[in-house]
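What follows is a short report on a single structure.
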Amino acid sequence: MNHVERMNAALRGEPVDRTPWVPAIYEHGARVIDRTPAEAARSAKLMAEAALASYGKYDHDLVSVGVDIYNIEAEALGCDVSDGEDVSIPGITSHPLGNASAGDIAALAVPEPGPSNRLALIEEACRKVASAIGGAVWVNACLSGPFSQAVELRGFENLIGDMLDAPERVHALLEKTTALSVAQGARLAATGCGLNIFESWATLPLITPDMFGEYVVPYNKRIIEMVRRDFDVPPPALIMGGNTSLLIDHFIESGTSLVVADHTADFEFMTARMGGRQMLIRGCVDPKQIEREQWDLLSPSIEALAAKSCGMHNFVWGCGAVSYDTTPESLLRFKRMCADARPVRERCESHA
């Protein structure tokens, strides 16, 4: 099987030649090409080179294009972004709607690609990567989700306060961030890429499952439905950490093709709720343990994921965002550890 065949089969819940391996490589790609995250984040050429060089080194089953994955859309909407000193990742430094009124939110303009933002930059990078390797492997563009954009604009505490005191203001802001997400998502999908939609600000326990259902699902669902309807690209993935077991019904409602889950998640419950739907479960380990080469801690997590995923053809290996400081040798060792866990999965399947 090649990468595309393997991922498509896993998505359908069919047997694969080996379990797909999908590490989260963003700023780490800059290290692979001996550049800083800030350099790779602000150059379409370098961003594409980072993704392509990482694929050449690690041969992973899904390639993501992006570096500072939460900043692109928020920056276009007016947030300031740091320069990223030394090898640090550029980050949001201002919340322009922190003291906003309902009128300020109503006046917020949905930006178009232009010289004052990087909306076109990541689009160009995605086009370069999809053109080079899109036929061989799934390529996904990185897009910050509507809720996470709203957090960056308003500030987390302010947005939570609005949910309690002025929910209509939150929905008004989400209409604006969703309009940008749908437009930018369409531009990225037109390059031949699928979408990784990141909503880490919606992670439990930062918000409750009820809040997730009201303020996250319906807006991400619009993006996912648009891509599925209008583009023949890898199916969109809604990505966040935390205890995703408790949100599985919401993920199903959103239409995502992939759910991130760590070794503490209840795979049996998640699988039962999925009911045969085409959805991948990406079992993730702590990327800091890879960076710090804490193999004695990492090994039990891998073994637990291997045991829990017995009989699950829709399971893929993964980890959280691989840091810039992680050495390529450490990430490759993690890959070997996942491959070496195959007998655990096969043994438990034979006893099922």
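Rule-based calculations on the coordinates, nothing more; no lab input. Because the structure is predicted, anything quoted here is derived from the model rather than measured. Cβ atoms come from the backbone with ideal geometry, glycine included; neighbour counts cover every protein chain shown.
Please sort 310-318, 46-54, 206-214 by packing, taking for each peptide the average over its residues of neighbouring beta carbons within 10 angstrom, highest first.
Going by the mean number of other Cβ atoms within 10 Å, highest first, we get 46-54, 310-318, 206-214.
Which value in deg cm²/dmol, rounded to the nearest 500, describes the helix-derived mean residue ellipticity at 222 nm for the chain, given -39,500 (n - 2.57) per DSSP H run of n ≥ 4 and division by the residue count?
Calculated from helices alone, the mean residue ellipticity at 222 nm is -15000 deg cm²/dmol.
Please tell me the relative contact order of the chain in percent, rounded to the nearest whole number, where contacts are Cα pairs under 8 Å and at least six residues apart.
This gives 19 percent for the chain.
For the range 141-262, what is the relative contact order in percent, using Cα pairs closer than 8 Å and at least 6 residues apart in sequence?
Averaging sequence separation for qualifying contacts and normalising by length gives 29 percent for the range 141-262.
Classify the range 112-200 as rounded, prolate or oblate from the Cα gyration tensor: take a ≥ b ≥ c as the square roots of its eigenvalues, call it rounded if a/c is under 1.5, otherwise prolate when a/b beats b/c and oblate if not.
prolate
Distance from the Cα centre of the range 34-113 to that of the range 170-218, in angstrom?
16 Å
Counting DSSP beta bridges with both partners in the chain, what percentage is antiparallel, nearest 5?
5 percent
So what's the chain giving for Rg/Rh, alpha carbon basis, Kirkwood Rh from the mean inverse pair distance?
A ratio of 0.95.
5 Å is the cut-off here: which amide hydrogens, built 1.01 Å from N in the peptide plane, fall below it relative to Ser64, excluding neighbours closer than 5 in sequence?
Ile25, Asn140
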